[in-house]
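Every number in this text was worked out from the coordinates using simple rules, so none of it is lab data. Quantities reported herein were computed from a predicted structural model and do not represent experimental measurements. Ideal geometry is used to build each Cβ from the backbone, glycine not excepted, and the neighbour counts take in all protein chains shown.
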4 protein chains.
Amino acid sequence: MNVMIDLCIVPIGEGTSLSPYIAQCTRILRSSGLKTTLHPFGTIVEGEWDAVFAAVKQCHSYLHVAMDVVRINTTIKVGTRTDKAQTGEEKVASVERLLKK
Amino acid sequence: MNVMIDLCIVPIGEGTSLSPYIAQCTRILRSSGLKTTLHPFGTIVEGEWDAVFAAVKQCHSYLHVAMDVVRINTTIKVGTRTDKAQTGEEKVASVERLLKK
Amino acid sequence: MNVMIDLCIVPIGEGTSLSPYIAQCTRILRSSGLKTTLHPFGTIVEGEWDAVFAAVKQCHSYLHVAMDVVRINTTIKVGTRTDKAQTGEEKVASVERLLKK
Amino acid sequence: MNVMIDLCIVPIGEGTSLSPYIAQCTRILRSSGLKTTLHPFGTIVEGEWDAVFAAVKQCHSYLHVAMDVVRINTTIKVGTRTDKAQTGEEKVASVERLLKK
């Protein structure tokens, strides 16, 4: 089962700059061979369900163990569909086509 | 690693009544031995990381395969912490204690 | 237009205990005359659209100005429907009825 | 108070293709003079708090009244901060700078 997720990992109580944590998670996701696309409120991750969620778990573990984060609040949007395979770019393009009409 | 999640599974294109799908997912989560608590916008699920996310995957699979849902949009809030074990009831109680002051 | 929201306000960089902030927001929401129900990952707020979102803005303002919070990350689920008025309790009850069958 | 939101509007029970609804909401947001950026799971909207949330309300109203949508489930991430003004592009760039190191 393929999945597209929108991943937003928020360490709590670690200061107001979150970019070092997000960069580290992006490295973990990419080294898992997953396609990732950053946006201002999260990261789109596309891949096979088990690989995607194994990488999300690895992000939580890494932040807790290697970066000493005490508390993490993550929000994940998860999309699955059986009618067609659609990449993130195709989802955006289908809206932009309508906007040009 | 223990985790508390807030799970909101939304089948898209299947009519406006979602309760049959949510009931079925609740059965799946409970039969996995996970602690579940329903609220008006989702279900709190508490347990070990792998067991929790295996059950979430099973929900998506069941809806697609057994209930013919074509598209699912799920939102998951995920909380992990290393400083203390805290149940859902304890999280709510800690706020209510402050409200009584 | 009536609305039911699930509000999760997360101050970033203010320590790992969020309950004092959530208690304060709950006081603001209730003093606006809105119906609120706490759960482990947020607060269900029911009311008229403008009143609900005015109160959410007041929460952000209060946390920034009176509690010196520098950065806030809030997640809001918003439900509106035109077919029927349904309270939070009724949403949960409709799932629980199915679970008893 | 300026705000950056990540807006994901999901009409329920209207078929599996959501792009016509998202295109229409994007038109509403842009005609309100707000900066919008589409991504595969939502739209980043930047602007002044009241203008942003007035436009979100207008999206719900338009979908219900003009497009006959019976039920809408929206997820909004809301970011406010008092330490600096930061655009969506700057948020992404600050992570990408770290990834190049």
Problem - Selection count, segment B:26-36, where residues are crowded, with 18+ Cβ neighbours inside 10 Å and within 9 Å of chain C (Cβ to nearest Cβ) - result: 1
Exercise for the section: Could you please give the count of residues in segment A:11-24 that are crowded, with 20+ Cβ neighbours inside 10 Å and either part of a helix (DSSP H, G or I) or in contact (Cβ under 8 Å) with a residue 12 or more places away in the chain (or both)? Expected result: 5
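It is to be established whether one or more residues within segment D:14-25 are facing chain A (nearest Cβ under 10 Å), under 15 Å from A:Val92 (Cα atoms), under 9 Å from the mean Cα position of the chain (by Cα) and of a type in the set (Ser, Thr, Tyr). Can you show your working first?
Step one: filter segment D:14-25 for residues facing chain A (nearest Cβ under 10 Å), giving D:16-25.
Retained after the next criterion (residues that are under 15 Å from A:Val92 (Cα atoms)): D:17-25.
Those still in the list that are under 9 Å from the mean Cα position of the chain (by Cα) too: D:25.
Subset that is of a type in the set (Ser, Thr, Tyr): none.
No, the conditions are met nowhere in segment D:14-25.
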Exercise for the section: Might you check whether a residue that is β-branched (Val, Ile, Thr), assigned to a strand (DSSP E or B) and within 28 Å of D:Ile12 (Cα to Cα) occurs anywhere in segment C:49-70? Expected result: no
Completion exercise
Among residues of segment A:50-101 being basic (Lys, Arg) and at the interface with chain D (Cβ under 10 Å from one of its Cβ atoms), the residue surrounded by the most Cβ atoms within 10 Å (Cβ to Cβ) is A:Lys77
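Give segment D:1-35 a look and list any residue that's of a type in the set (A, V, I, L, M, F, W, C) and farther than 13 Å from D:Val52 by Cα, or say none.
D:Cys8, D:Ile9, D:Val10, D:Ile12, D:Leu18, D:Ile22, D:Ala23
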